[in-house]
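See below for the structure under consideration.
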Amino acid sequence: MLQSKICNACGTQYPSHETLAICPVCADDRQAVPLETGQIWTTHDRLLKTHSVQILALQEHVYQLEVIPKFAIGQRAFFILTDQGNILWDCIPLLDEATVAFIRAKGGLDAIAISHPHYYSNVKNWAQTFDCPVYIHEKDKQWIREEEERIHLWKTNQKSLWNGMQLINIGGHFPGSSILRVPFLSPKGTIFCSDTLFIAPSMKHISLIYSAPNRIPLPRAEVKRIKKRLDDIEFDTLYGFWKYQHLTKNVKDLLKVSFNRYLQ
Ligand SMILES: [Zn+2]
Ligand SMILES: [Zn+2]
């Protein structure tokens, strides 16, 4: 049987019937087809032989899931536990037996929510395995290539989940780019920002990007709009998509300084 194929550069999975020379996600300005290798495809079965998922507790109710050794973009997903159900924030392109067993032992998944198309990965497999809905913003629906009945497109500028958790559509990087706010993980709320807010390696700057790999900034008007949107959201902690991206101190001040660089 023909298998779904996974792009080696971005980790997006496509149905076996798609005859693609180049991955559309990588052909887009927000990613790139690697110059040295060109387009390479792999499969989930092949990945299972060479990679695994490392699960790390970041705090009592938050686990980081990461494919090791690094594969494709190398993002982490977050498994967040609550007393009314668990959520997976963002997705990674590998789902091995140990990960399934770990998540099941913690009560399974009640939902998956994804920040933007770079992390759609093989979410269809995750949704089917855990039989849960996948929340994706409707503005990015053109990027969904593997159809799945469990995908729920949400349309408003925010969506309430359980235990006070909220999906908030910020836009910028992609029109549907969204963040997850979890109110109970820190005093003023924790934001899982993916690359909607890109925390710099110095930890002293937060970038707003159209494309990180191609260094394409966002228009000033977009920066202004996003600043206004974030001013109304309370938070004191940020978790980004790479494992160093964890900010807990003076987050709003840092954001202000960062926005000033764009708007001065
Ligand atoms: Zn790709
Ligand atoms: Zn991205």
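The values are calculated or read from the model by the stated rules, or taken from the named source; none is laboratory data. Quantities reported herein were computed from a predicted structural model and do not represent experimental measurements. Ideal geometry is used to build each Cβ from the backbone, glycine not excepted, and the neighbour counts take in all protein chains shown.
Quick check on Leu56: is it in contact with a Lys or Arg (Cβ under 7 Å, 6 or more places away or on another chain) and surrounded by fewer than 23 Cβ atoms within 10 Å (Cβ to Cβ)?
no
Of the residues that make up segment 214-226, is at least one within 16 Å of ligand 1 (Cβ to nearest atom), at pLDDT 95 or above and not in a helix (DSSP H, G or I)?
Yes, there is a match, as at least one residue in segment 214-226 is within 16 Å of ligand 1 (Cβ to nearest atom), at pLDDT 95 or above and not in a helix (DSSP H, G or I).
Could you list, in sequence order, the residues of segment 18-27 that are more than 9 Å from ligand 1 (Cβ to nearest atom) and either under 18 Å from the mean Cα position of the chain (by Cα) or free of Cβ contacts under 8 Å to residues at least 24 places away in the same chain (or both)?
Thr19, Leu20, Ala21
Going by the structure shown, is Ile114 within 16 Å of ligand 2 (Cβ to nearest atom), surrounded by 18 or more Cβ atoms within 10 Å (Cβ to Cβ) and among the β-branched types (Val, Ile, Thr)?
For Ile114, the condition - within 16 Å of ligand 2 (Cβ to nearest atom), surrounded by 18 or more Cβ atoms within 10 Å (Cβ to Cβ) and among the β-branched types (Val, Ile, Thr) - is met.
Would you check if Thr43 is touching a residue at least 24 places away in the same chain (Cβ under 8 Å), more than 20 Å from Phe241 (Cα to Cα) and out of contact with any helix residue (DSSP H, G or I) (no Cβ under 9 Å at 6 or more places or on another chain)?
For Thr43, the condition - touching a residue at least 24 places away in the same chain (Cβ under 8 Å), more than 20 Å from Phe241 (Cα to Cα) and out of contact with any helix residue (DSSP H, G or I) (no Cβ under 9 Å at 6 or more places or on another chain) - is met.
Of the residues that sit in segment 1-17 and are within 13 Å of Glu146 (Cα to Cα) and among the polar types (S, T, N, Q), which one is nearest to ligand 1 (Cβ to nearest atom)?
In this case the residue turns out to be Thr12.
For segment 9-32, enumerate the residues that are surrounded by fewer than 19 Cβ atoms within 10 Å (Cβ to Cβ) and either within 18 Å of Lys141 (Cα to Cα) or more than 14 Å from ligand 2 (Cβ to nearest atom) (or both).
Across segment 9-32, the qualifying residues are Pro15, Ser16, His17, Glu18, Thr19, Leu20, Ala21, Ile22, Pro24, Ala27, Asp28, Asp29.
Working only within segment 120-132, note down all residues that are on the phi < 0 side of the Ramachandran plot and either surrounded by fewer than 17 Cβ atoms within 10 Å (Cβ to Cβ) or outside any loop (DSSP other than H, G, I, E, B) (or both).
Val123, Lys124, Asn125, Trp126, Ala127, Gln128, Thr129, Phe130
Mind counting the residues in segment 94-119 that are under 25 Å from Thr50 (Cα atoms), touching a strand residue (DSSP E or B) at 6+ places or on another chain (Cβ under 6 Å) and in a loop (DSSP other than H, G, I, E, B)?
Number satisfying all stated conditions: 2.
Rundown of residues vs (1) at negative phi; (2) touching a residue at least 60 places away in the same chain (Cβ under 8 Å); (3) out of contact with any Leu (no Cβ under 7 Å at 6 or more places or on another chain), yes/no style:
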position: Ile55; (1), (2), (3): yes, no, no
position: Gln64; (1), (2), (3): yes, yes, no
position: Leu81; (1), (2), (3): yes, no, yes
position: Glu97; (1), (2), (3): yes, no, yes
position: Arg104; (1), (2), (3): yes, no, yes
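Being crowded, with 17+ Cβ neighbours inside 10 Å, among the polar types (S, T, N, Q) and either free of Cβ contacts under 8 Å to residues at least 60 places away in the same chain or over 30 Å from Ala101 (Cβ atoms) (or both): is that true of Asn169 here?
Yes, satisfied.
Hey, any hits in segment 166-174 for a residue that's within 16 Å of ligand 2 (Cβ to nearest atom), under 30 Å from Pro69 (Cβ atoms) and touching a Ser or Thr at 6+ places or on another chain (Cβ under 7 Å)?
Checked against the condition, which is being within 16 Å of ligand 2 (Cβ to nearest atom), under 30 Å from Pro69 (Cβ atoms) and touching a Ser or Thr at 6+ places or on another chain (Cβ under 7 Å), segment 166-174 yields at least one hit.
Mind checking which residues of segment 218-241 are in contact (Cβ under 8 Å) with a residue 24 or more places away in the chain, surrounded by fewer than 17 Cβ atoms within 10 Å (Cβ to Cβ) and not charged (D, E, K, R)?
Hit for segment 218-241 is Ile233, nothing else.
In the set Ala27, Ala9, which member is in contact with a helix residue (DSSP H, G or I) (Cβ under 9 Å, 6 or more places away or on another chain) and on the phi < 0 side of the Ramachandran plot?
Ala9
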